[in-house]
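Q: First the structure, which I've put down as structure tokens, then a few questions once you've had a look.
The values are calculated or read from the model by the stated rules, or taken from the named source; none is laboratory data. Values in this document were obtained by computation on a predicted structure and should not be read as measured data. Note that we place each Cβ from the backbone using ideal geometry, even for glycine, and neighbour counts take in every protein chain shown. Quick note on the areas: whole protein, heavy atoms, side chains included, nothing else; ligands and nucleic acids left out. Shrake-Rupley method; radii C 1.70, N 1.55, O 1.52, S 1.80 Å.
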Amino acid sequence: MTLKLGSAAFAVAALLWVSTGTPSRADESKEAPGSAPAATFQASLQAAQKSAITLDVEGFGGELKLKSIVTPGTVVKAGDAVATVVAPDAAQEKADAEASARAAQASLDWWSHVNANELARLSQNLEREKLEFDAAKVAYEYFMSTGKQDRIKNAELNIQGHRDSIQDQEEELRQLEALYKGNDLAKESQDIVLNRSRRRLEQSRIRLKMALNENERYLKFDLPREEAFLKLGLEQARMEFEASKVRAEGRLCESTGGLHRARQEAAAARRREQRASRLQPEWVLTAPHGGVVIHAGEQGSDGMTSVFSAGQKLSGNATLAWVLDTSSLRCTLWLTAAQSGAAQSQKNLFSVALPELSLTRDARVVAQGAIYRDGKLAVTIEVDNKDALLLHGQPCVVNLGARR
């Protein structure tokens, strides 16, 4: 928790409403030629120094209660206690923040492990898919360059082998028939040998026909289908290789994104834990300087009405009070070029008057603007008020007249 102090040394001019009067011709006639005309202004006096007593508990979501606060109008010195705030949930907030930090760190460790695994698996998966793609490519290219022709040639050799076998068997049958012709000896043995040769020849002719049919089907259907399968396998392997790269990159992107989110969450949890570690069950808010205390803001406040009371719940950035140092009071005027020039050269005097009190005091210039707006320049004057006869917010008449 920090204490915010709002200084109004020069910013108080923005809160003022000042109207500039017009000097009479009778007054103008009394002044020396070339001097700045006398003028009268209606203004409101403001404390030269005022500071906000603000409760600032960054990131605290627990309950805050006002234990005590001084009554409006109390005069305090620098360092005096103005308000005391308690946080009943501070211990629980610390425990919750520590648990959140541990959970966030565990999530970060898990995502770090997942991301490291994805990085390791990425190259392995791509290498495996590349090998399968290369194998399919080699198989297809080999089939188209060599394998297809080898299969066709092998089929032709198979058919030729059947034909050669039939030719050999026909020649053998003719030789047997010539050998046994006119020889009546061992008639029964001759029939057995010749019949066996004829049956074998007939079977070979049937097998040749079957081989021709099989070869025709192989050349017209099996071989083109094998080629188509190899080509399709190559295309599928290529697509799978490309898809595996996309999948691997997607998984890696997901795990990397999860890792980044986990890092951010862990960092946020650590910041919350650090803020929670600074929490305390009670804070005492003190006055940064001497002055009079009023509750909350100045809008609508009469300086004596209590806005806050003991036991009241507070938000984490509430302005509880203001400390007004009224030992010096200021107001800001808008002067013409001639008036501001005279004020800067100290040819004229400012005086603050309260007609109803028959009170007049000299004032000095403490700040002068550097930019003209609507033909006028802002000048801030200050009047001493150590006797406390003047009040913050009190209306007054400011006179700008020639030095006597």
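Q: Let me spell it out: the conditions are (1) at pLDDT below 90; (2) of a type in the set (S, T, N, Q); (3) open to solvent by 40 Å² or more (accessible area, probe 1.4 Å); (4) part of a helix (DSSP H, G or I), and Gln264 meets all of them except one. Which number is the exception?
A: Single failed check for Gln264: (1).
Q: Which ones in the range 74-111 are aromatic (Phe, Trp, Tyr) and either open to solvent by 70 Å² or more (accessible area, probe 1.4 Å) or out of contact with any Ser or Thr (no Cβ under 9 Å at 6 or more places or on another chain) (or both)?
A: Residue satisfying the conditions is Trp110 alone.
Q: Would you tally the residues in the range 365-386 being over 14 Å from Ala47 (Cα atoms) and exposed (fewer than 14 other Cβ atoms within 10 Å of the Cβ)?
A: Going through the range 365-386 one residue at a time, the tally reaches 5.
Q: Additional query: Look at Glu141 and say whether it is modelled with pLDDT of 90 or more, under 56 Å from the mean Cα position of the chain (by Cα) and surrounded by 13 or more Cβ atoms within 10 Å (Cβ to Cβ).
A: Here the answer is yes, as Glu141 does meet what is asked.
Q: Kindly indicate whether any position in the range 132-150 is touching a residue at least 60 places away in the same chain (Cβ under 8 Å), of a type in the set (Asp, Glu) and either under 30 Å from Lys231 (Cβ atoms) or in a helix (DSSP H, G or I) (or both).
A: Yes.
Q: How many of the residues making up the range 366-404 are over 26 Å from Val323 (Cβ atoms) and either free of Cβ contacts under 8 Å to residues at least 24 places away in the same chain or not β-branched (Val, Ile, Thr) (or both)?
A: 16
Q: So Ala211 fits all but one of (1) touching a Gly at 6+ places or on another chain (Cβ under 9 Å); (2) closer than 30 Å to Ser107 by Cβ; (3) among the aliphatic types (A, V, I, L, M); what number is the exception?
A: Failed condition: (2).
Q: Taking into account only those residues within the range 193-213 that are free of Cβ contacts under 8 Å to residues at least 24 places away in the same chain and in contact with a Leu (Cβ under 9 Å, 6 or more places away or on another chain), which is most open to solvent (accessible area, probe 1.4 Å)?
A: Only one residue fits best here, namely Val193.
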